[in-house]
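**Student:** Right, I'll just put the structure down here and ask away after.
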């Protein structure tokens, strides 16, 4: 059994299996998170619309206030960040290396 560790967007994740399995699991996680985020955004929009339409009516003010409270208590899901396919590294050079970086001999 192999494991793949990923460090992305300031957090580390561990996936069990080989690299191909890691890619499959990562794609599935991204799809799941995106679906949850979209569903929550629709719910937030629906609640906000209800509140805007009904807060001023005397007969529905209590329901609108209840929905506002529900909206305030809702734990927000962060939008999943897209997967960057490239890595970016920067190395600072403290001193210049010599002309021969690597010397190999076959003795």
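**Student:** Could you say whether any residue in the stretch 40-47 is under 30 Å from residue 15 (Cα atoms) and touching a helix residue (DSSP H, G or I) at 6+ places or on another chain (Cβ under 9 Å)?
**Tutor:** For the stretch 40-47, residues under 30 Å from residue 15 (Cα atoms) and touching a helix residue (DSSP H, G or I) at 6+ places or on another chain (Cβ under 9 Å): absent.
**Student:** Pairs needed: first member in the stretch 37-66, at positive phi; second member anywhere, surrounded by 12 or more Cβ atoms within 10 Å (Cβ to Cβ) and not in a helix (DSSP H, G or I); C-beta distance under 6 Å; at least 6 residues apart or different chains.
**Tutor:** Between residues of the stretch 37-66 that are at positive phi and residues that are surrounded by 12 or more Cβ atoms within 10 Å (Cβ to Cβ) and not in a helix (DSSP H, G or I), there is no close pair.
**Student:** Of all residues being part of a loop (DSSP other than H, G, I, E, B) and more than 36 Å from the chain's Cα centre (by Cα) in the stretch 52-82, which is nearest to residue 32 (Cα to Cα)? Just the residue, please. So that I can check it myself, show each step before the final result.
**Tutor:** Going through the stretch 52-82, the residues part of a loop (DSSP other than H, G, I, E, B) turn out to be 55-60, 74-82.
Right, trim to more than 36 Å from the chain's Cα centre (by Cα) and you get 56-60.
Working: 56: 38, 57: 38, 58: 40, 59: 39, 60: 35 Å.
Only one residue fits best here, namely 60.
**Student:** Among the residues of the stretch 25-36, what is the count of those that are surrounded by 13 or more Cβ atoms within 10 Å (Cβ to Cβ) and free of Cβ contacts under 8 Å to residues at least 40 places away in the same chain?
**Tutor:** The number of residues fulfilling the criteria is 2.
**Student:** Within the stretch 1-23, track down each residue that is surrounded by 13 or more Cβ atoms within 10 Å (Cβ to Cβ) and assigned to a helix (DSSP H, G or I).
**Tutor:** Within the stretch 1-23, 21, 22, 23 qualify.
**Student:** Looking only at the stretch 83-107, which residues are modelled with pLDDT of 75 or more and either within 30 Å of residue 33 (Cα to Cα) or outside any loop (DSSP other than H, G, I, E, B) (or both)?
**Tutor:** Selection gives 89 alone.
The values are calculated or read from the model by the stated rules, or taken from the named source; none is laboratory data. Keep in mind the model is a prediction, meaning the values are calculated, not measured. With ideal geometry, Cβ positions are generated from the backbone for all residues, glycine too; neighbour counts draw on all protein chains shown.
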